[in-house]
Structures are given as structure tokens and as C-alpha cells.
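Working notes, beginning with the structure itself.
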Amino acid sequence: MSYTEIIRGSIPALVTPFTQDGEIDLNAFKNLVSWHVDNGTHGLVICGTTGESPNISDEEHSLLVKTAIETAPKDFPIIAGCGSNSTLKTIKLTKAAEALGATAALIVVPYYNKPSQSGLFAHFKAVHDATNLPIILYNVPSRTIVDMSDETVIALAELPRIIGIKDATGDINRLKNQKAHINKDFVYLSGDDMSALEYIISGGNGCISVTANIVPQICASIFNNTQIGDINKAKEQDNSLAELHKKMFIEPSPAAPKYLLSKQGHIQNILRLPLLPLTASSADIVEDTLKQSMKNGCE
């Protein structure tokens, strides 16, 4: 089976639930994984940015990946966020995820260090050469400052275990350019909920989503409708979520999805510093936005 058949569709970047004393809430985490499976989610990213990866220890990272794999059905795609601004740490996390049986590693462009394009290539090649886990590149210049060029993506795609990209730039032309120059089975995933439907219609394979944390069934249905050719229905559903997509970032993520999940009874509304829960005014806005989305036909 090809990677594009395995890794596709609506893939939430899952939040990490915490208890009042700041520990991982494993029961809530297991319940979230099961809830997503039951609601049609096509795969999960564990310990991504929305999972507060910079605030997760290496031991917690392994625990979360292991628990997700054990909780989900066999062959359900579990993608481990293994990125860091340290190449050595990235290799360590990727090896750990590989040993646990993750489907792939999602590896972000190294942040803060501001490497050159040659440095980016060397970073990802070093991780590729030191591990055997399939790697999905993650380009999100709004967070990392450095923007991985199409030329670097195309060059990295020549490596056998570089099998896809999560593109959070919202630039559909990048997808078209990359597809024109990458001649192998390659997974193209949007990392931008607001432009994800256009990305998929233009030839993308799915979306690693923040919004899908809150409305997994709807996000999965949007993708499923594109696959059966009901683009008008997919657009109608996505339009109903347009404001919700925006409000997921009303304050630093994952404050909004964690607040809404707590209101739904799935988790406690707890983040690790330096992140804070939503302010009261923002909480009212996101709650009203979700209600309006439901009213507009997303039920």
C-alpha cells in the first residue's frame, strides 16, 4: 500500500490533556484518541505544535506516542511530532517513535537557529540517514521564521524515506510546483485549516488540522465528500467552519481548542507555561463562533 493511501484525510494535531497538578492526563488522552476514531478521523498527529510539543519531555513524548498506538485500532495512522531545533534531539525522538511503531515522524523546520536552505537539507538528511521511520517535512515559517523553499523540498524528496510534507503557508502554488517536480508517491498535507479545502481540491491528500480537534466528524466529512466528488457539499461545510478556523488562533494555540474541548467535557482547560488558557473575552467569542458554525449547517 502506498503512503498516499495510508496517510490522508482529516488528521487532527491532537492536544495534550493535563491534570490539575500539571501531569499528563492519560485517561483523557486515551478517550480523545478513541473519540476521534469513532468520529471518522483518518489519523492523528501526537506531540505536534498543538500538542504543546516544546513543553513535553522526551519521556512524556514516548508515553504519549505509545499510548496512542495502543489505544487506536491496528493500522490506524499515528504520526509522531519529532521536530526540534536540535538535529541530535530530533534524531533521538524519531528513533524512539520508530521503536514504538509510529506510522511516520512529522519533523518541523528547525526554529530559532535560522539555518540556511543548505542547513535545512543537511538537518533532514541527517535525521533520514540515522533512522528508518518515514518522515513528513513540516514547513511553518510563521513559527520557525525560516521558510523551506520548494527547491529544498524537491531535493529532500529524492531521499527514499522523505515521504511527504505538511505545508502551513497557505500558498496553493507551492503544492502545484512541488507536484510538478516530485516524481514519486508523496503525501501532500495542508497545515492551514483556512485554505485546506482548496489545497485538497488542487491535489493535496489531506490536512493536519487544529479545528478537527473540536469537530472531527465534520472535518472528516469534508474530506470524504471531496473524494466522492461532492465538492459543493464540502464547500458548504467548510464555509460554515470558516470563522471557527480563524478563531482557533484568537490567542496562542492551543488555548482555543483546549477551552472548547473542556466545555465539551473531554479534558481540563489546562496548558503548560508559558502558554495560558483563553481570557474570558476570547472564551466567549470562540464559544459563540462554534455555536454559530453548528447553526449554519455543520451538525
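Quick note: the coordinates plus some simple rules give every number you see, no bench work behind them. Given the structure is predicted, the values throughout are model-derived calculations rather than measurements. Ideal geometry is used to build each Cβ from the backbone, glycine not excepted, and the neighbour counts take in all protein chains shown.
Quick notes on this structure:
- Computed over the Cα atoms of region 170-278, the ratio of the radius of gyration to the Kirkwood radius (Rg/Rh) comes to 1.03.
- Taking packing as the residue-averaged number of other Cβ atoms within 10 angstrom, the listed peptides 223-236, 40-53 run from highest to lowest as 40-53, 223-236.
- The Glu5 and Arg272 beta-carbon pair, evaluated with R₀ = 41 Å, returns a calculated FRET efficiency of approximately 0.70.
- Net charge in the neighbourhood of Ser209 (other residues with Cβ under 10 Å of its Cβ; Lys, Arg +1, Asp, Glu -1) is -2.
- Percentage relative contact order, the chain, counting C-alpha pairs under 8 Å, at least six apart: 19
- Kyte-Doolittle at least -0.5, axis length at least 27 Å by Cα - qualifying DSSP helices, the chain: none
- Estimated inter-spin distance, Asn232 and Ser282, nm [label 7 Å along Cα→Cβ]: 3.9
- Applying the criteria of a DSSP loop state and at most 16 other Cβ atoms within 10 Å to the GluC sites (Glu not before Pro) of region 73-158 yields Glu158.
- Compactness ratio for the chain: Cα radius of gyration over 2.2 N^0.38 Å (N = residue count) comes to 0.93.
- Around Asp147: net Lys/Arg minus Asp/Glu count, Cβ-Cβ under 12 Å: -1
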